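Data block below; observations after.
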Amino acid sequence: MNTITTQKTIINFLMRIVVVFICIICIFPLFWMLVISLKTGTQTLDPSIWLFKPTFENYKEAFLNRNILDYMKNSLIVVFLTTVISIFIGGLAAYGFARFEFKKREDLAFWVLSLRMLPPMATVIPFFVMARMLNILDTHLVLIICYMLFNIPFTIWMMRGFFEEIPQAIEEAAFIDGCSRFQVFTKVLLPLSTPGLIATAIFCIINSWNEFVFALFLTSSDAITLPTTVTLFLSISGVAWGEMSAVGVITILPVLVFAMIVQKYMIRGLTFGGVK
C-alpha cells in the first residue's frame, strides 16, 4: 500500500515538473519580448545582456512617433462591430439550427463550421480582388466583413449547443403567454443563455483582435490595425527590435488583461454548452 502511494506521489511530482516546464516554454517568448522592449537600441543587438537599466524610450517612441493610438482605435472599432454583428447574426442562425427540423440540417451545420476551418491565406486574395472592385480596400468595412467570415460560424457552433440545452417547455410557456417567436428569442432564450453569449463574445473579441493576415493584405494606412504594425519596423537598414517588441507588448496587453478579467466566464461558458 505504501509502495503504491509512493509511486503516485512520484508520478504527481513528475507531472507537475512537466507542467511547469511546458508553462515556462510557453511564457518565455513573451518574457523575452518584454525584456527586449525595455532595452536600448544597442542592447537589443546583444542577447547575452540580462542585467541592464530598463528604459521606456521604445514605448515613448511608439506612442509619440508611430501613432499607435490611431491603430489601436482602428482595432477597437473593427473588433466591437465585428463581435456585435457576429453575435446577432450567428445567434439567430444558431437558434434556427437548434429548434427547427429541416432536410440536410446536420450537413448544412457542418458546412457552416467548415468555413471556420478555411485558412485566411486561402481566401485573402479573392477578398482583395472583390474589395478592390468595390473600392473598400483599406477601410474598416472590409475588415469587418472578413472577420465575420470566421466569427459567425464560430458563433453558430457555440450558441447552438447553448440553445439546445434550454428545455423547449420554457419556449412553449412563453408562446402560451402570447409572445411571438422573436420575443421568445430575445426575452427568454438570450437571457437564459447569457453565459454562452459572454463566452462566445470573448472568443470573437480575441480572434478579431489577434487577426493578422486580412489586416495586413487588405489595409495599408487608414484602417491598419494594431497587430500589423510590427511590419512598420522592418527596413533595409535593419529591424528596430526595441520598438517592435514594445508594440508587441502594447498589442497583447489589452487582450491579456481582458482574458484574465473574464476567465471565469470563459470557463463557465465552455463547460455549460457547446464545447463539451
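The values are calculated or read from the model by the stated rules, or taken from the named source; none is laboratory data. Remember, predicted model here, so these are calculated numbers, not experimental data. A quick note on method: Cβ atoms are made from the backbone with ideal geometry, for glycine too, and the neighbour counts reach across all protein chains shown. Accessible surface areas use protein heavy atoms only, side chains included; no ligands, DNA or RNA. Shrake-Rupley method; radii C 1.70, N 1.55, O 1.52, S 1.80 Å.
Miscellaneous remarks
- Of all the residues in the range 61-113, those that are under 22 Å from L141 (Cα atoms) and among the aromatic types (F, W, Y) number 3.
- Residue count, the range 31-55 (criterion: within 17 Å of G248 (Cβ to Cβ) and of a type in the set (K, R)): 1
- Summed over the range 36-52, residues that are within 15 Å of E243 (Cβ to Cβ), of a type in the set (A, V, I, L, M) and without any contact (Cβ under 8 Å) to a residue 24 or more places away in the chain total 1.
- Single residue of F21, F100, F28 found to be within 30 Å of L113 (Cα to Cα), open to solvent by 40 Å² or more (accessible area, probe 1.4 Å) and not β-branched (V, I, T): F100
- Subset tally (residues that are assigned to a loop (DSSP other than H, G, I, E, B) and modelled with pLDDT under 85) for the range 189-219: 1
- Extreme residue, least open to solvent (accessible area, probe 1.4 Å), among residues of the range 34-74 that are aromatic (F, W, Y) and modelled with pLDDT under 85: F52
- Figure legend. Inter-residue proximity from the range 53-70: first residues more than 15 Å from P227 (Cβ to Cβ), second residues among the hydroxyl-bearing types (S, T, Y), beta-carbon distance below 8 Å, spacing 6+ or different chains. Indicated pairs: T55/T40; E57/T40; N58/S37; N58/S245; Y59/S37.
- Selection from the range 77-107 of residues that are over 23 Å from P195 (Cα atoms) and either modelled with pLDDT of 90 or more or assigned to a helix (DSSP H, G or I) (or both): I77, V78, R105, E106, D107
- For V255, the conditions (1) at pLDDT 85 or above; (2) closer than 22 Å to P119 by Cβ all hold with the exception of (1).
- One residue from L115, L30 being closer than 19 Å to N210 by Cβ, modelled with pLDDT under 85 and under 21 Å from the mean Cα position of the chain (by Cα): L115
- Of all residues in the range 220-256 being outside any helix (DSSP H, G or I) and in contact (Cβ under 8 Å) with a residue 60 or more places away in the chain, the one that is nearest to T55 (Cα to Cα): A240
Residue-wise test of (1) β-branched (V, I, T); (2) more than 27 Å from the chain's Cα centre (by Cα); (3) open to solvent by 60 Å² or more (accessible area, probe 1.4 Å).
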residue	(1), (2), (3)
E106	no, no, yes
I125	yes, no, yes
M130	no, no, yes
T139	yes, no, no
I144	yes, no, no
I176	yes, yes, yes
S180	no, yes, no
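- In the set (1) within 22 Å of S208 (Cα to Cα); (2) touching a residue at least 12 places away in the same chain (Cβ under 8 Å); (3) in a helix (DSSP H, G or I), L137 fails one condition alone, (3).
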